[in-house]
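Structure, as structure tokens:
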Amino acid sequence: MPLFSRRTVPVDDAPPMPRLVEIGEPERDWIDAHVALVSDAGADPDDLAQVRALYERWSAGWRRINPPERDDPAIMVNALGTAFGDYVARRTGLSWRLAEHAHGLELALYQPRGHVLLHPIGIIDERWRAEEPSGAFLVETAERLTQARRLAHGEGGGRRR
């Protein structure tokens with residue numbers, strides 16, 4: 001399923017919008033600590049190419065380990081997801097929220113205008129578990145989000161009527 005779609009989902013089939021709550025200091029501290037893990041691993045969180053390379057390095061190393069002997073990748077996934085999320089948040093109108101779903105709370109990025117909801121940790125987790133070797137999806141997703149923001153704010157380079 002594509003990350004973004006122009007097709008609308010029938011209302012009956014649409015998942016309910018989660019309850020969204022502003023993050024507090026504990027969540028911001030958690031995000032900052034995980035972004036620091038990316039920095040400590042030698043990647044600049046402000047450089048998406050370096051975050052992509054770190055995803056590829058960490059996931060390749062994890063995949064090389066015999067599956068029964070692999071550690072839980074949650075720390076790496078959380079670190080990459082929060083670094084990616086912070087990168088996107090700094091370049092778009094999205095901001096961190098706690099999204100309350102039927103299965104619990106999850107950090108998400110939200111932009112009320114257009115009701116854009118993005119789960120950056122979930123995006124990393126899905127690709128990691130699918131053993132996606134390339135981190136190209138990070139760059140593609142960030143580019144699509146920043147392009148959508150530019151278009152929404154009339155910065156697309158074309159004439160507005």
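What is the local net charge at Ala74, summed over the other residues whose Cβ is closer than 14 Å to its Cβ (Lys, Arg +1; Asp, Glu -1)? Taking every other residue near Ala74 into account, the sum is -3. Using only Cα atoms, what Kirkwood radius does the stretch 79-122 have, in angstroms? After inverting the mean inverse Cα-Cα distance, the result is 10.5 Å.
Peptides 66-79, 123-136, ordered by how many other C-beta atoms sit within 10 Å of their residues on average, highest first, read 123-136, 66-79. Note that the stretch 89-105 has calculated 3J(HN,Hα) couplings of 4, 5, 10, 9, x, 7, 9, 5, 9, 9, 9, 9, 9, 4, 8, x, 9 Hz, one per residue in order, obtained from phi through the Karplus relation 6.51 cos²θ - 1.76 cosθ + 1.60 (θ = phi - 60°); glycine and proline are x. Here the accessible area of the stretch 75-135 is 53 percent carbon and sulfur, with a 1.4 angstrom probe and all protein chains present. Near His101, the amide H atoms lying under 5 Å from its own belong to Glu106; only residues 5 or more places off or on other chains count, and H is placed 1.01 Å from N.
Solvent-free Debye calculation, one equal scatterer per alpha-carbon of the stretch 25-161: log10 I(q)/I(0) at 0.14, 0.18, 0.22 Å⁻¹ equals -0.66, -1.03, -1.39. Residues of the stretch 82-108 with an amide N closer than 16 Å to a point placed 7 Å from the Cα of Ala36 along the Cα-to-Cβ direction: 82-83.
The values are calculated or read from the model by the stated rules, or taken from the named source; none is laboratory data. None of the values given here were measured: they were computed from a predicted structure. Every residue, glycine as well, gets a Cβ built from its backbone with ideal geometry; the counts of neighbours run over all protein chains shown. Surface accessibility is based on the protein's heavy atoms, side chains included, excluding ligands, DNA and RNA. Shrake-Rupley method; radii C 1.70, N 1.55, O 1.52, S 1.80 Å.
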